[in-house]
Amino acid sequence: DSLILSPLPQHSCFSFRKLWAFTGPGFLMSIAYLDPGNIESDLQSGAIAGFKLLWVLMLATIIGLLLQRLAARLGVVTGLHLAEVCNRQYQKVPRIILWLMVELAIIGSDMQEVIGSAIAINLLSVGKIPLWAGVLITIADTFVFLFLDKYGLRKLEAFFGFLITIMALTFGYEYITVKPDQEKLLKGLFIPYCQDCGTPQLEQAVGIVGAVIMPHNMYLHSALVKSRQVNRANKREVREANKYFFIESCIALFVSFIINIFVVTVFAEAFFDKTNMDVNAVCGNSSSPHSSLFPNNNQTLEVDIYKGGVVLGCYFGPAALYIWAIGILAAGQSSTMTGTYSGQFVMEGFLNLRWSRFARVLLTRSIAVTPTLFVAIFQDVEHLTGMNDFLNVLMSLQLPFALIPVLTFTSLPSVMNDFANGL
């Protein structure tokens, strides 16, 4: 109850003070649009398809916004989050299946956060902290966030706002440094066409959708909006809460969309159509210790979070590499805690189990860290980043298990009363 904030009571068409009172849940939700899996999808689409898939990113973000709006409305109108409504509406077998699918999505997302954070730590330490050690560090930092959680939700929301600001500044720095072609950027955004595209570009387009629309994020958003006190007996208050939560979600996802554009366009401008030989020559001239990552052949350059930082460092100096790593670290760390919240709400809602957050994090992070740690110990960084592609596909496969419940329940008058979605 101490986390509940009461919005100001006075009525008006629009109030910035009311918007501020409702601001928080949407920005926590938007972090899922900026996790390391998203960043990797962005940079690969830029390097493989140039500016041509920006319209896919924009459409996926708009669809994500509409789905998040439905999830938030469900929480505001019913006073229950999506997992709790599933518990009440479904029989035992479909309920258990849904729970397992969402848990799988959360663990997959957790693995992406572990991978991204470990790679960022490795880059920042100039390789002195090996990947397996970076994976272990991500176990400890999760419990630091649990410690911060004790200071109250509003302070935690402010901290996440700070991490989003770091991402905006770091990836914005790369954008200003590379200076992408603005005409190509606008064409890519508003012309839904992909000239001379083949299977690799199609795979990237599908990967963008899987990376942007996260299944467990709908469960999270429907729960986060409950942190604001709304008199559900008063339709005007409910309508007003829905309005301000939607405005806040629009602002939050617009910010995340701009950050994603920064990453796509940087790699589209600098590394589209580049070969391994091109990068090998530049890295050799810059005396980069990582030039061996790129064989001296004419194959098209393939980049991931790790190689992305390396090639930025080769082309634009060491500052670009370290700033990139800081941005990836902020992405990994911020999405860690939202995954923790998602897991807590899902377990409580589906199973009526009220574990301590400490126990909950220990279980899911152990499941996520174990396979990642084995890869980090026995394989190299390329295999670790390759897991990200598989995990984005996993997210795509999990989408229906979140979309069907949220679309169903928000259209049922028996659940939503007068606020049922008419479409």
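The values are calculated or read from the model by the stated rules, or taken from the named source; none is laboratory data. As the structure is a prediction and not an experimental result, all values here were calculated from the model. So basically every Cβ, Gly included, is an ideal-geometry build from the backbone, and we count neighbours across all protein chains shown. Heavy atoms of the whole protein, side chains included, go into the accessibility calculation; ligands, DNA and RNA do not. Shrake-Rupley method; radii C 1.70, N 1.55, O 1.52, S 1.80 Å.
Conditions (1) in a loop (DSSP other than H, G, I, E, B); (2) within 27 Å of residue 25 (Cβ to Cβ); (3) open to solvent by 40 Å² or more (accessible area, probe 1.4 Å); (4) in contact with a helix residue (DSSP H, G or I) (Cβ under 7 Å, 6 or more places away or on another chain), marked per residue:
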position: 253; (1), (2), (3), (4): no, yes, no, yes
position: 257; (1), (2), (3), (4): no, yes, no, yes
position: 260; (1), (2), (3), (4): no, yes, no, yes
position: 266; (1), (2), (3), (4): no, no, no, yes
position: 273; (1), (2), (3), (4): yes, no, yes, no
position: 279; (1), (2), (3), (4): no, no, no, yes
position: 282; (1), (2), (3), (4): no, no, yes, yes
position: 288; (1), (2), (3), (4): yes, no, no, yes
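If you take the residues of segment 42-55 that are under 15 Å from residue 186 (Cβ atoms) and in a helix (DSSP H, G or I), which of them is most open to solvent (accessible area, probe 1.4 Å)?
Going residue by residue through segment 42-55, those that are under 15 Å from residue 186 (Cβ atoms) are 50-55.
Imposing the further condition that a residue be in a helix (DSSP H, G or I) reduces the set to 54-55.
Details: 54: 1, 55: 57 Å².
Per the criteria, the residue is 55.
Mind listing whichever residues of segment 87-110 are hydrophobic (A, V, I, L, M, F, W, C) and open to solvent by 20 Å² or more (accessible area, probe 1.4 Å)?
Kept after step one, since they are hydrophobic (A, V, I, L, M, F, W, C), are these residues of segment 87-110: 93, 96-102, 104-107.
Passing the criteria: 93, 96, 97, 99, 100, 101, 104, 107.
Do you know which of the residues in segment 385-414 that are of a type in the set (S, T, N, Q), under 30 Å from residue 375 (Cα atoms) and surrounded by 18 or more Cβ atoms within 10 Å (Cβ to Cβ) is modelled with the highest pLDDT? Break it down into steps so the answer makes sense when it comes.
Taking segment 385-414 and keeping what is of a type in the set (S, T, N, Q), we get 385, 388, 392, 396, 398, 408, 410-411, 414.
The next check asks that each one be under 30 Å from residue 375 (Cα atoms); those that pass are 385, 388, 392, 396, 398.
If we keep only those that are surrounded by 18 or more Cβ atoms within 10 Å (Cβ to Cβ) as well, we get 385, 388, 392, 398.
Working: 385: 64, 388: 73, 392: 74, 398: 81.
My answer is 398.
Considering (1) open to solvent by 30 Å² or more (accessible area, probe 1.4 Å); (2) modelled with pLDDT of 75 or more; (3) in a helix (DSSP H, G or I), say which one residue 421 fails and leave the rest.
Here residue 421 clears every test but (3).
With a cut-off of at least 3 residues that are surrounded by fewer than 23 Cβ atoms within 10 Å (Cβ to Cβ) and not polar (S, T, N, Q), name the helices (runs of 4 or more DSSP H) lying wholly within segment 177-235.
Details: elements: 182-190, 199-212, 215-224.
Qualifying helices (runs of 4 or more DSSP H): 182-190, 199-212.
Every residue in segment 238-251 that is open to solvent by less than 50 Å² (accessible area, probe 1.4 Å) and more than 15 Å from residue 62 (Cα to Cα), please.
Residues satisfying the conditions are 238, 240, 241, 242, 244, 245.
Restricting to segment 233-247, what's the tally of residues that are in contact (Cβ under 8 Å) with a residue 24 or more places away in the chain and more than 31 Å from the chain's Cα centre (by Cα)?
2
Can you spot a residue in segment 67-78 that is on the phi < 0 side of the Ramachandran plot, at pLDDT below 90 and open to solvent by 10 Å² or more (accessible area, probe 1.4 Å)? Break it down stepwise before answering.
Here is the first cut: in segment 67-78, the residues on the phi < 0 side of the Ramachandran plot are 67-78.
Pick out the ones that are also at pLDDT below 90 and you get none.
So far as segment 67-78 goes, no, none of its residues is on the phi < 0 side of the Ramachandran plot, at pLDDT below 90 and open to solvent by 10 Å² or more (accessible area, probe 1.4 Å).
Take the residues of segment 318-337 that are open to solvent by less than 10 Å² (accessible area, probe 1.4 Å) and β-branched (Val, Ile, Thr): which is nearest to the chain's Cα centre (by Cα)?
Narrowing segment 318-337 to residues open to solvent by less than 10 Å² (accessible area, probe 1.4 Å): 320, 324-325, 327-328, 330-332, 334-337.
Subset that is β-branched (Val, Ile, Thr): 328, 336.
Numbers: 328: 12, 336: 10 Å.
Per the criteria, the residue is 336.
Take the residues in segment 118-132 that are aliphatic (A, V, I, L, M) and buried (at least 16 other Cβ atoms within 10 Å of the Cβ); name whichever of them is farthest from residue 335 (Cα to Cα). Full working, then the answer.
Here is the first cut: in segment 118-132, the ones aliphatic (A, V, I, L, M) are 118-121, 123-124, 126, 129, 131.
Among the residues that remain, those that are also buried (at least 16 other Cβ atoms within 10 Å of the Cβ) are: 118-121, 123-124, 129, 131.
Details: 118: 14, 119: 15, 120: 14, 121: 16, 123: 19, 124: 19, 129: 22, 131: 19 Å.
Per the stated criteria, the residue is 129.
Answer yes or no as to whether residue 135 is buried (at least 19 other Cβ atoms within 10 Å of the Cβ), closer than 24 Å to residue 362 by Cα and in contact (Cβ under 8 Å) with a residue 60 or more places away in the chain.
Numbers: buried (at least 19 other Cβ atoms within 10 Å of the Cβ): yes; closer than 24 Å to residue 362 by Cα: yes; in contact (Cβ under 8 Å) with a residue 60 or more places away in the chain: yes.
Answer is yes for this residue.
Just name the residue that is farthest from residue 228 (Cα to Cα) out of those in segment 146-199 that are over 24 Å from the mean Cα position of the chain (by Cα) and acidic (Asp, Glu).
Per the criteria, the residue is 196.
What are the residues in segment 142-160 that are of a type in the set (D, E, K, R) and either at pLDDT below 70 or surrounded by fewer than 16 Cβ atoms within 10 Å (Cβ to Cβ) (or both), if any? Write out each step before concluding.
Filtering segment 142-160 for residues of a type in the set (D, E, K, R) gives 149-150, 154-155, 157.
Within segment 142-160, 149, 150, 154, 155 meet the criteria.
Being over 21 Å from residue 36 (Cβ atoms) and under 30 Å from the mean Cα position of the chain (by Cα) is the filter; apply it to segment 292-313 and report the residue that is least open to solvent (accessible area, probe 1.4 Å). Working first, answer last.
Here is the first cut: in segment 292-313, the ones over 21 Å from residue 36 (Cβ atoms) are 292, 294-300.
Still in the list and also under 30 Å from the mean Cα position of the chain (by Cα): 294, 300.
Details: 294: 2, 300: 87 Å².
Taking the candidates together, the pick is 294.
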